[in-house]
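The values are calculated or read from the model by the stated rules, or taken from the named source; none is laboratory data. Being a predicted model, the structure only gives us computed values, none of them experimental. Positions of Cβ are backbone-derived with ideal geometry, glycine not excepted, and every protein chain shown enters the neighbour counts. Calculation scope for accessible area: heavy atoms of the full protein, side chains included, ligands and nucleic acids excluded. Shrake-Rupley method; radii C 1.70, N 1.55, O 1.52, S 1.80 Å.
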Amino acid sequence: MNRVVKILLIEDDTLDQIDVRRALDKKSILYRLKIAKNGEEALAILAGTGDDIFNGNPDIILIDLNMPKLNGFEFLARIKTIDTLKDIKVFILTTSDDKDDKERAASLGVSGYITKPLKLESPSSIDAFNLMIDLMNMQIM
Amino acid sequence: MKITHAILLSFSTILLLFSITTYINFRQAELVNTNARNFERSSIIIRHSNRFQRNFLSMVSGLRGYMLTNETFFIQTYDSSTHDNQRILAELKTLVATDSTQQSILRDVKKLNDHWVNDFANPLLKAKKSGEVSDSSKFAFTSLYRTSLTEGAEKKIQQSLQAKFFEFTKYEYDYRELQNKLLTTSTQNTKSISIILTALCIIAGICIALFIAHYISSRIINMTKMANAIAEGDYTVLANDKGENELSQLARTVNNMAKILGNNIAVLKRQRDELDQFAHIVSHDLKAPLRGIDNVVTWIEEDHSFDLPPKVNEYLALIKGRIKRAENLLHGILSYARIGREDKILEVIDVNELLKEVQEYIPKKTGIELRIQSSMPVLFSERVPLLQVFTNLIGNALKYHDKGLGVVKVYYRQAGDKYEFFIEDDGPGIETIYHEKIFVIFQTLQERDHVESTGVGLSIVKKILDDRGLKIKLTSEPGKGSVFSFEWFKIENYE
């Protein structure tokens, strides 16, 4: 069954958006990617007020931590209070290698912590990304 | 009041008291002298008066003897005594104070004496002499002799004279006794006053000394405490001293100094934090666009390297190399800024084990042997900075080695309460003029294209050692090699 995985990417940097798209393209999955430039925009999409390409909630949210307006942690904290959104798998996508950030993300119940850039040279980053892809494949099957 | 003034005033007081004591004693000595002189004079006066009385008796007996025997020998006695008494009277007159009772007694004595000589003795002698010549004269003499000597008038004069002299000498004796009594009293007084004043001086001296010593030492102790507190980093301690003296001023100066020091340290701390923050932001924010460029170049390489002319691919590789260098520099800045920001953790460090770990971080270089002294010491100190120092120094020795074959030696020796570690290589060596420069951040002696180097490694080593007050030394001879040596603690304490 060729189900399409719905991904909401919250990322303000165009290059990083391309980076994610390229990384996804290399995997054998079908996906639909919606991009929000910040947390507020993402909330609007999730509330269905924006143009909705998903028909419902996304399967996965990929979110940058450092963003204007509503940042990654604020966004996370917000959706955890909304019943319809709190079970969506969330992956952090960030340049921050900071221990505090990782611990804080874990405490907010994220599914994975992926560090940018998505390069083969940084194994931890690729591992986390592959974990996300495995999760998507599981949902597809 | 100023302390110098207080000291001056106290010593002046003591000096004044001593001066008074000396003056009183001096006055007393003068008094004793005067008394001695008076006593001597009084003795002379009494001696004279006694002699006068004896002379007078000689005169009387001389006169009578002559009258009875007609011997000229008696006349001689009479004459010499009369003459002597004239002289004694004159002398007494100078000895006795003018306008005194004694002087009036003396005048009476002289009157009586003259009266006796002129009214009795001389006329008798005259009559006696002329009595030798004629009978009428003899009769005249006999009648005069009778009236003069037998009727008692002459006797009365003698008695008056005696009474006068008794009065005269008694006055002298009384005077002397009175003087003696006065002298004894004043000597006694002087003694008491001297003792009291001397005792006062000593007590005042001790009190002043104690007061000043306490006054000064308590303030100095206070200031020492304060200086210690400042040394320990507490700049808020203030000596509460509102006085006007020099020590109060000193205390206020120290207060002021502490305040300025505190402010300066606060400014320094803030600036250091700002600098760290700045370094962090700069390196972090510069990383993002660099990564972006790197990404794009990678995408071009991945997707289009076959479509591009070889020259373009070559340039792209150059761009990637420069990106890598920029990333290394940013990493260096971050590492440098991070030194000393970590919490101090002391642990047992086996330097043998530590150096094994160091070798894992350093890329090996073929032909260059790393020779580490067996049984390196075990320390109790901070592990991470020591690891960093070894890694950077040994890493440099290998990285910059310019010969096909070589040895890098690591060894140590005791240096008091520290160890001194040596990293010796037989590489290119460093010219003396660069020995300072190599420890400055971003300084590198080789072209960057030749050996990828950020110029941060040695500055990090230097900063780690400087922060701990430890020394690093370099001895080197160009062409022969270099020896870096640095100190490290054997056993370190938490401060």
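The criterion of being away from chain A (no Cβ under 14 Å) and not small (Gly, Ala, Ser) does not hold for residue B:324. Here residue B:356 fulfils each of the conditions (1) in the same structural domain as residue B:427 (by TED's automatic domain parsing); (2) open to solvent by less than 100 Å² (accessible area, probe 1.4 Å); (3) out of contact with any Phe, Trp or Tyr (no Cβ under 9 Å at 6 or more places or on another chain) apart from (2). Among the numbered criteria (1) aliphatic (A, V, I, L, M); (2) farther than 26 Å from residue A:118 by Cα; (3) within 14 Å of chain B (Cβ to nearest Cβ), which one does residue A:18 miss? Exception for residue A:18: condition (2). Contact map, the range B:99-128: residues that are farther than 20 Å from residue B:169 by Cβ paired with residues that are open to solvent by 30 Å² or more (accessible area, probe 1.4 Å) and part of a helix (DSSP H, G or I), Cβ distance under 6 Å, separation 6+ or inter-chain. Pairs shown: B:127/B:140; B:127/B:144. Of the listed requirements (1) within 27 Å of residue B:203 (Cα to Cα); (2) open to solvent by less than 90 Å² (accessible area, probe 1.4 Å), residue B:56 misses just one: (1). Looking at the structure I just gave you, is residue B:274 free of Cβ contacts under 8 Å to residues at least 24 places away in the same chain and farther than 25 Å from residue A:25 by Cα? Taking the combined requirement at face value, the residue satisfies it. Residue-level check: of (1) open to solvent by 90 Å² or more (accessible area, probe 1.4 Å); (2) β-branched (Val, Ile, Thr); (3) more than 30 Å from residue B:187 (Cβ to Cβ), residue B:98 misses just (3).
Restricting B:408, B:461 to residues that are out of contact with any Gly (no Cβ under 6 Å at 6 or more places or on another chain), in a strand (DSSP E or B) and of a type outside the set (S, T, N, Q) narrows the list to B:408.
Is it the case, given these coordinates, that residue B:337 is within 20 Å of residue A:95 (Cα to Cα), touching a Lys or Arg at 6+ places or on another chain (Cβ under 9 Å), among the hydrophobic types (A, V, I, L, M, F, W, C) and part of a helix (DSSP H, G or I)? Taking the combined requirement at face value, the residue does not satisfy it.
Checked against (1) farther than 30 Å from residue B:301 by Cβ; (2) within 14 Å of chain B (Cβ to nearest Cβ); (3) within 15 Å of the chain's Cα centre (by Cα), residue A:64 passes all but condition (1).
Report yes if some residue within the range B:165-174 is surrounded by fewer than 16 Cβ atoms within 10 Å (Cβ to Cβ) and hydrophobic (A, V, I, L, M, F, W, C); otherwise report no. Looking through the range B:165-174, at least one residue is surrounded by fewer than 16 Cβ atoms within 10 Å (Cβ to Cβ) and hydrophobic (A, V, I, L, M, F, W, C).
Residues being loosely packed, with under 14 Cβ neighbours inside 10 Å and under 30 Å from residue B:243 (Cα atoms): count how many of those fall in the range B:8-23. Total meeting the criteria: 6. On the stretch given as the range B:218-252, residues that are surrounded by 12 or more Cβ atoms within 10 Å (Cβ to Cβ) and assigned to a helix (DSSP H, G or I) total 16. Scan the range B:196-212 and tell me whether some residue there is part of a helix (DSSP H, G or I), polar (S, T, N, Q) and exposed (fewer than 12 other Cβ atoms within 10 Å of the Cβ). Scanning the range B:196-212, I find no residue that is part of a helix (DSSP H, G or I), polar (S, T, N, Q) and exposed (fewer than 12 other Cβ atoms within 10 Å of the Cβ), so the answer is no.
Yes or no, residue by residue, for (1) assigned by TED's automatic domain parsing to the domain that holds residue B:142; (2) open to solvent by 60 Å² or more (accessible area, probe 1.4 Å); (3) under 28 Å from residue B:185 (Cβ atoms); (4) not in a helix (DSSP H, G or I):
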| site | (1), (2), (3), (4) |
| --- | --- |
| B:25 | yes, yes, yes, no |
| B:40 | yes, yes, yes, no |
| B:52 | yes, no, no, no |
| B:63 | yes, no, no, no |
| B:66 | yes, no, no, no |
| B:76 | yes, yes, no, no |
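Residue count for the range B:286-311, restricted to those that are in a helix (DSSP H, G or I), more than 10 Å from chain A (Cβ to nearest Cβ) and under 22 Å from residue A:19 (Cβ atoms): 6.
Among the residues of the range B:78-95, count how many are crowded, with 19+ Cβ neighbours inside 10 Å and either under 18 Å from residue B:128 (Cβ atoms) or of a type in the set (Asp, Glu) (or both). Number of matching residues: 3. Restricting B:312, B:267, B:296 to residues that are within 60 Å of the chain's Cα centre (by Cα), of a type in the set (A, V, I, L, M, F, W, C) and surrounded by fewer than 17 Cβ atoms within 10 Å (Cβ to Cβ) narrows the list to B:267.
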